[in-house]
Each structure stands twice: as C-alpha cells, then as structure tokens.
Amino acid sequence: IGPPNLYVRFRLTDPVQPRAQSFVTHASPFSTITIWVVDERGVVRSARYTPASVHHLIAGPLMAMPLPQTPARPLLVAVKIAQPWNKIIASEARLDSASEGSGWDMSVVVAMAAICGMLVVPLLLNFGFYIVLRRQFVLWHIVMVGLMLVTTVVGTGFVHIGLDMVAGTEVAINSICYSAIAAAGLMFLVTFLEPDALSVPVRRLLIGCAPLVFSGGVFTAAKIDALRPWSALGTYLSVSLAIFLIVIGLVDAWRRGSKLVSFIILGWSPTLIVGVYRIGCYLLPHARPTESVVVFQLTIAAEVLINSLGIVIRFLELRRERDLANARAIELEGVAGRDALTGLWNRHSIERRFNDLFHLGYRTMAVIDLDHFKRINDRHGHAVGDSVLKVVASVLGEDGDACAIRMGGEEFLLLLRGPGAAERAERCRRALSTRIAAAVPGLGHVVTASMGLVEHDLSGNLDVEFAVLYSHCDRLLYEAKRLGRNRTMRERLTGFTPDAQMRTA
C-alpha cells in the first residue's frame, strides 16, 4: 500500500460465467479509481470514479462501480486505485454480474439485522442496571455495546439506508469505534472484576494504556496524506496492544482466583481470536487482508450476550452484598440504639426519631423515676437492682401505643399516643409496685415511682424539640419528688401559630 497507486487485474477466461457488469470492493477511502475493460476484439473502454460517484450497497460494507461497456465479451479488467488507505480495498475486490453490484445474501442480511436488534436490548438493560446500581463497569459496558452497535450499523452498510456517507467517513467512524471499544474493554475489565482480582501493577498498566489504545483509532481517522501508508496500521496496532493487555489481565485474574473472569474469557475469546486473525492477515507479508465482517459481527453478538449475563450475575452479587451490608447496618444500629440490660430504646436513638414519632401522634411524654432505688443496690446488690429494672421495662413495654425508653439508671421515659394517654401512663406507674413485688421477692419494702407528664395539644402542628418537652417533664418529676414521691405531676402544652394580624401588628 506504500506506492501512490494500487493495481488489480482480472482475467475472464471462463465463457460460461455471466458477463461482468460491475466492480465491487470493500468500502474504503481512495482518491480515484480508474477501470479499463478489454474485450475479445481488442476494444478498450475506461471509466473513472471519485469517492462521491461510487454506489454504496445496503447489504454489506461494499461499494460498486459499473464497468465500462464494450461491444464484445470482456476478457481483461484492470483497475487502478489511486491513494488507497487500506489494503482491503484490493484484497476483497471482485467483479459482479449485476450492474449496480450485489451484496450479501438475504440470510446474512437478516442475521446482521438481528445482531443490531440484539445489541439494543443489552444496551437498554445496562441503562436500567446503572439507574439501580451506579457502578463504573456498567457505564463502560454501555460504551462498549453502544459503539458495537455503531460499528455494526456502519460496518454492515445499513447506515446507507438513511444516510449518504462516503467511504472515508465510514472508515473513520469504524476506526475510532474499534479503538474506543478496545480502550473501554480495558476499563471494563478493571472495574468489572472483583477489587482484588488484578494485581496493582497490572491494574495500573491497563488503566494507563487505555488512552494510548484509543489514540490509534484517532490516528487512523485523521487522514493525513503523508501518513497514508501507515494510517490503517494505527487501528490494527492499537487493537493488538489492547488484546495483549487483555490477555495479561485475564491470566492475572485467573491466577488470583477471580470468579467473574470466566465470563469474560468465555465472552471475549471468539472476538479476540477473530481480531488476532484479522490483524495477522493484514500484517503478515503473504497473507490476504480481510475484514471478516460477518464472522466478526457474530462474535460481537456472542460477546455482548455472555457479558450481559455476567453483568446480571455481578449485579445480583453486588445487590446481595449491599443488602447484607444494609441489614448489618440496621442490626448494628439496633444494637447501638438499644439498652443492653432492658432491651428498650436508649436516649440517643429516641432523640433522633423524636420528630417522626411526634408527627405520628406520640405527643404525650412521661418521665418515670424509681423512688429510693439506691437502697435496693446498697442492700441487695446490683444483680437484684438489674432485675427490678427489667421488670419496669416489661411493664412499660406492654402498651402497644407507647414507646418505652431507658434514659439511664432508674429513669425511664414513655412516649404515648391515642386516647387516654395520660391515664394509661398513670396505670403503668401504679402497676410497677405490684409487678416488682411479685417478680422480685425479698426486697423488704414496696418500690414506688414518681412521674412527670406533659400532654401536648394534639391540634398543634408545630415542631417541638425533644429537649424542650423533656425539660418540662423533668421539672414536673422533681416537683413530684419534692412533694413526697410516689405521685404524678402533669401539665398540658398548647402549640399555636400567630395569625397574620398578630404578625403584622
């Protein structure tokens, strides 16, 4: 491909074959194509085509040029391709019996169309995955599948159904897409596998080389005339580098015991094999360059389907890990928010939930403190004192419309809702003496309790701070202690919002 012109010659020696009507080759950039036809009488005819004058087929990545007509049967066709940018324009050239050229069989067209449809489904599926679970590997797979869809539409010729695109633009798009797919594949490999599946040097190597791999496609798409002989090598070499790095990554992950690497190996192996074959056919001296479009698209479909299955499994695994982490966090929160001795909520937990409970109707607060509890610990020991506290917790927790909290020591708090909240709190306080005497015999005296209770007006819609309501209850509790213990002191608070006239007065 180094010289400025590339020549292709066809000898038509079989008289049984249909008469050649057109020159068909792979869509690839060129400057001009000149065709000479020599018939059996020695008459020579020629035609010259530019990129804008060739006919692009829909059924395949092909372009066709009608042969100049001769009076007699053609015996020789010579083609001069000026400024070719890819060897494929010559290696995949052929003559066709149709004047406008013929592309793939209908079965191949249907298969390629099906592949386009198959690529849309995992693309939408990945978008759904990313909405639910925002992970980098899902984004990289979206990039890969999206670019594969672009290369399929362009590389199969389907793009010409709606767009009139010259071969140079097609190749530029495909070159950038191929290199971008390879670079995204490196990033997908790094982010999809388990965090410890790749060693640190390999991980850094893959990430660091991804921009270099992408630059190969940009180099090919640049179309700098001085670099024409090496332009196509940019994509082939960048993809070769990506394949080499991917193999290194897969081997490293396999040796380190990755469970997810098997999906990538299974999904990527056909594509990697076809990629190596295409690169070898282009770079080896005596090989015939080929795009192998049909086989390559089939491997892309297999890769997307298998890797999509791997993503589903990875998604389920990550969701399971997240659910376990959430459950553990809830469990730890529950342990941290509970009093170890009585199992009741502690002060920290109720302070965080107070606003929600208040708006749910828990607007009666009662602070209960056991009278002379220190005597029990001093006379009978802390074990007996703990038993008393457990009885208090069981009594306070029996009301289904109340939240019982141990504030510390022998002090408890009740948040109540529903009708008769104050009366229910008072019954709980009085029941403590009987229940403690029955459950903890041998105390030698009746254990009583004092209580300070505040009812907030149920019609009020204002937010109330826990500390404010608690301070009222605490004040009333100490008032009950001062007046002789074993009693309840209660108040009612009313919250209101000043009307507009009062605010403007």
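Counting 0.36 nm for each residue step from Val166 to Ile273 and taking away their Cα separation leaves a gain of 35.5 nm.
Between Leu75 and Val38, Asp39, Glu40, the built amide H atoms are under 5 Å apart, and every one of these is 5 or more places off in sequence or on another chain.
Within straight-line reach of Lys223, meaning a Cα separation under 14 Å, sit the following aspartates and glutamates at least 8 residues removed in sequence or on another chain: Glu170. Of all aspartates and glutamates in the structure, those lying under 15 Å Cα to Cα from Lys259, and not within fewer than 8 positions of it along the same chain, are Glu194, Asp196, Glu317. Evaluating 6.51 cos²θ - 1.76 cosθ + 1.60 at θ = phi - 60° for every residue in region 104-109, the Karplus couplings come out as 5, 5, 4, 4, 5, 4 Hz, glycine and proline recorded as x.
Think of a 1.4 Å ball rolled over the protein heavy atoms: the chain then has 49 Å² of accessible area per residue.
Roughly how many Å is it from the Cα centre of region 137-178 to that of region 208-250, as a whole number? About 17 Å separates the Cα centre of region 137-178 from the one of region 208-250.
Over region 131-255, what portion of Cα pair distances is larger than 25 Å, expressed as a whole percent?
The answer is 32 percent, as a whole percent.
Each listed q (0.05, 0.06, 0.10, 0.11 Å⁻¹) maps to a log10 I(q)/I(0) for the chain, found by the Debye formula over equal Cα scatterers with no solvent: -0.46, -0.55, -0.83, -0.92. Relative contact order of the chain, taken over Cα pairs closer than 8 Å and 6 or more residues apart, is 10 percent. Each residue of region 407-412 was assigned a 3J(HN,Hα) from its phi angle through the Karplus curve 6.51 cos²θ - 1.76 cosθ + 1.60 (θ = phi - 60°); the sequence is 7, x, x, 9, 9, 10 Hz, with glycine and proline shown as x. Shape annotation for region 368-441: C-alpha extents along the principal axes are 40, 24, 17 Å, from largest to smallest. A Förster radius of 22 Å, combined with the Cβ-Cβ distance separating Arg11 from Arg288, puts the computed FRET efficiency at roughly 0.75.
So what is the relative contact order for region 329-454, in percent, with contacts set as C-alpha pairs under 8 Å and at least six apart?
Values: 172 pairs, mean separation 41.6, N = 126.
Answer for region 329-454 is 33 percent.
Over all orientations, region 1-111 has a Cα convex hull whose mean projected area works out to 7.3 square nanometres. Dividing the mean sequence gap of close Cα pairs (under 8 Å, 6+ apart) by how many residues region 75-217 holds gives a relative contact order of 21 percent. Proximity of backbone amide H atoms, modeled 1.01 Å from N, is registered between Leu62 and Ala27, Leu57 at under 5 Å, excluding neighbours fewer than 5 places apart on the same chain.
With viscosity set to 0.692 mPa s and temperature to 37 °C, compute the Stokes-Einstein D of region 24-72, Rh being the Kirkwood radius across alpha carbon pairs; µm²/s, no decimals. List each step's numbers first, then the result.
Working: Rh = 11.9 Å.
Translational D for this selection: 276 µm²/s.
The lysines within cross-link reach of Lys481, meaning a Cα-to-Cα straight distance under 30 Å and a gap of 8 or more places when in the same chain, are Lys374, Lys390. If you roll a 1.4 angstrom probe over the protein chains with everything in place, what fraction of the accessible area of region 195-254 belongs to carbon and sulfur, to the nearest %? Taking all protein chains in place, region 195-254 shows 78 percent carbon and sulfur surface.
Sequentially through region 337-349, phi angles give Karplus couplings (6.51, -1.76, 1.60; θ = phi - 60°) of x, 10, 6, 5, 7, 9, x, 6, 4, 9, 5, 4, 5 Hz, Gly and Pro residues having no value and appearing as x.
The values are calculated or read from the model by the stated rules, or taken from the named source; none is laboratory data. It should be emphasised that the depicted structure is a prediction, and the values quoted were computed from it without experimental measurement. Here the Cβ is made from the backbone with ideal geometry for all residues, glycine too, and neighbour counts use every protein chain on show. We work out accessible area using only protein heavy atoms, side chains counted, and drop any ligands, DNA or RNA first. Shrake-Rupley method; radii C 1.70, N 1.55, O 1.52, S 1.80 Å.
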